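Have a look at the structure below before the remarks.
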Amino acid sequence: MVSEAHTHSTPIPLTVQNLADISRLIKELESYEDKLIQHKAEAHGAKAVAPEVTATLQEIAQKNKLSIAEAHDRVVLKNILNDWRNKAPRAHFSFSSEPSPRFLEKLITWLRQEINPQLLISVGLQPAMGAGCTLRTTNKYFDLSLRQTFIAKRQLLLEQLVPESATQTTAPAEAHS
């Protein structure tokens with residue numbers, strides 16, 4: 001069993017952004033185990049060559065002082081990944097167009113430093129939004145779009161576009177006609 005302190009203190013690497021990334025890592029770890037068993041069966045006493053793993057999976061193992069080659073450590077690593085998948089806080093962002101990978105990296109970096117080191121995000125598109133974004137969490141919704149800003153500031157916008165003095169000077173002229 002993995003200790004609570006071990007799983008909760010482990011920050012998620014920036015290369016892991018969402019649930020799909022965690023699911024891929026879990027499948028990679030399972031595939032590693034399958035290949036390891038297959039290599040041992042084929043080796044017939046010769047030293048089996050360990051299969052390759054991605055840099056991300058290796059980084060997670062190293063940060064947790066685990067060795068992917070050790071069966072017990074793989075169980076611990078899988079528990080950490082499952083814990084992230086089941087317990088990590090989530091946020092869904094919607095943008096009007098596809099955000100660049102560089103922007104997403106900066107966003108995740110800031111969110112994990114300021115909000116939670118294990119926050120996972122998902123991204124959706126809402127082209128009608130114009131500019132800005134919406135943010136949805138488990139129990140909150142924030143509309144930070146330009147469209148919503150225009151709706152909230154409609155009266156101010158109208159006052160700036162059609163000054164009050166212009167409406168007052170045209171009103172009496174229309175009454176005499």
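The values are calculated or read from the model by the stated rules, or taken from the named source; none is laboratory data. As the structure is a computational prediction, the values presented were derived from the model and not from experiment. We place every Cβ from the backbone using ideal geometry, glycine too, and count neighbours over all the protein chains shown.
Worth a mention:
- Of the numbered criteria (1) under 30 Å from E30 (Cα atoms); (2) not assigned by TED's automatic domain parsing to the domain that holds P11, the one L146 fails is (1).
- Residue match in segment 53-61 (condition: surrounded by fewer than 11 Cβ atoms within 10 Å (Cβ to Cβ) and touching a helix residue (DSSP H, G or I) at 6+ places or on another chain (Cβ under 9 Å)): no
- Residue in segment 7-25 that is closer than 28 Å to L120 by Cα, at pLDDT below 90 and not in a loop (DSSP other than H, G, I, E, B) present: yes
- T138 falls short of the stated requirement of being modelled with pLDDT under 75, surrounded by fewer than 15 Cβ atoms within 10 Å (Cβ to Cβ) and of a type in the set (S, T, Y).
- The strands (runs of 3 or more DSSP E) located wholly in segment 33-147 that include 1 or more residues which are in contact (Cβ under 8 Å) with a residue 60 or more places away in the chain occupy 90-95, 120-125.
- Checklist (1) at pLDDT 75 or above; (2) under 29 Å from the mean Cα position of the chain (by Cα); (3) of a type outside the set (S, T, Y) applied to Q148, failing item: (1)
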